[in-house]
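See below for the structure under consideration.
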Amino acid sequence: MQTPEKSGSEERKDPALYRLIVRAVRCLSPKYTLYGTENLPEEPAVIVGNHCQMYGPLAGELHMPRPHWIWCVGEMMNRKEVPAYAFQDFWSGKPRWTHWFWHLASHAIAPLAAYVLSHAHTIPVYHDARVMTTFRLSIENLQAGADIVIFPESAEPYNGIVTQFHRHFADLAKLYHRRTGKALCFVPMYVAPKLKEIYFGKPVRYNPEAPDGEELERICTAMMDRITDLAVSLPPHTVVPYLNIPKNQYPLNTNGRERVS
């Protein structure tokens, strides 16, 4: 498996401990059935999925049908930064009287989280000047033949299936076109943990002739809406949301197109 600082064509042998952890996770994780793989283009693409808490990235690491790299928040790959990020992102919405426990939990998971995520198929994602490293590694791995898998949801509401996407992942297309002259494809992916299924939808191809801002918005909106369409087309089931809310508040896919304010 590759290291984050190497391109998709360069490999190294994983440490024994990491291989053991992956084997254990495979045994304990649900086995997903994949549908719509015919929608994956022949060339490397950006696969955009719903986060569904830990299930999206876990399914991405274990069940993608082709060589791939997953965008991962850089703070979760740094042992010192894991506790603050984990508490804020995973558990800050829990009842205040339980916060002491979740603060302890965020420190407890830090060593293992940083170790596993640093050895998985991950590219660190930054929101400062280091973001160019994120894009550089992504483009290098696309050129080497690997897909890039992204779960770009934010805390801002959108509808009953996904929250608003962080927009700038779509800038990959502009940079990739500048480097290669090729128009990158973005493929929507819906992860349904309750059904133990993963669905790939029709891709959206970057149009280099369109204004940058309009194209970025078009791609992001298309991904949110196509993931939603995949979800609502399925039999009734509970959607695992991005936000870590009480399970009795999880939405159903049957009203997934309703906008949330």
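The values are calculated or read from the model by the stated rules, or taken from the named source; none is laboratory data. Bear in mind the structure is a predicted one, so any value in this text is a computation, not a measurement. Here the Cβ positions follow ideal geometry from the backbone for every residue, glycine too, while neighbour counts run over all protein chains shown. SASA here: full protein model, heavy atoms, side chains in, ligands and nucleic acids out. Shrake-Rupley method; radii C 1.70, N 1.55, O 1.52, S 1.80 Å.
Every condition in (1) open to solvent by less than 70 Å² (accessible area, probe 1.4 Å); (2) more than 24 Å from K194 (Cβ to Cβ) holds for Q88 except the one numbered (1). Pairs linking a residue in region 108-129 that is open to solvent by 30 Å² or more (accessible area, probe 1.4 Å) to a residue that is outside any loop (DSSP other than H, G, I, E, B) and of a type in the set (G, A, S), with Cβ atoms under 6 Å and 6 or more positions apart or on different chains, are Y126/G74.
Residue-wise test of (1) β-branched (V, I, T); (2) surrounded by fewer than 17 Cβ atoms within 10 Å (Cβ to Cβ); (3) farther than 27 Å from P246 by Cα.
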| position | (1), (2), (3) |
| --- | --- |
| I21 | yes, no, yes |
| V25 | yes, yes, no |
| P30 | no, yes, no |
| T37 | yes, yes, yes |
| W71 | no, no, no |
| N78 | no, yes, yes |
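Looking across L104, L62, one residue alone is closer than 29 Å to T221 by Cα and either modelled with pLDDT of 85 or more or open to solvent by 40 Å² or more (accessible area, probe 1.4 Å) (or both). It is L62. For region 130-159, the set of residues classified as among the polar types (S, T, N, Q), in a strand (DSSP E or B) and surrounded by 19 or more Cβ atoms within 10 Å (Cβ to Cβ) consists of N159 only.
One residue is enough: does region 118-129 have a residue meeting the conditions among the β-branched types (V, I, T), under 19 Å from the mean Cα position of the chain (by Cα), part of a loop (DSSP other than H, G, I, E, B) and under 24 Å from I245 (Cβ atoms)? No; the residues of region 118-129 include none that is among the β-branched types (V, I, T), under 19 Å from the mean Cα position of the chain (by Cα), part of a loop (DSSP other than H, G, I, E, B) and under 24 Å from I245 (Cβ atoms). Closer than 20 Å to F186 by Cβ and of a type outside the set (G, A, S): does that describe V48? Taking the combined requirement at face value, the residue satisfies it. Considering V48, V82, the condition of being over 23 Å from A170 (Cα atoms) and crowded, with 22+ Cβ neighbours inside 10 Å is satisfied by V82 alone.
Just one of (1) in contact with a Pro (Cβ under 7 Å, 6 or more places away or on another chain); (2) of a type outside the set (G, A, S); (3) over 16 Å from M54 (Cβ atoms) fails for R130. It is (1).
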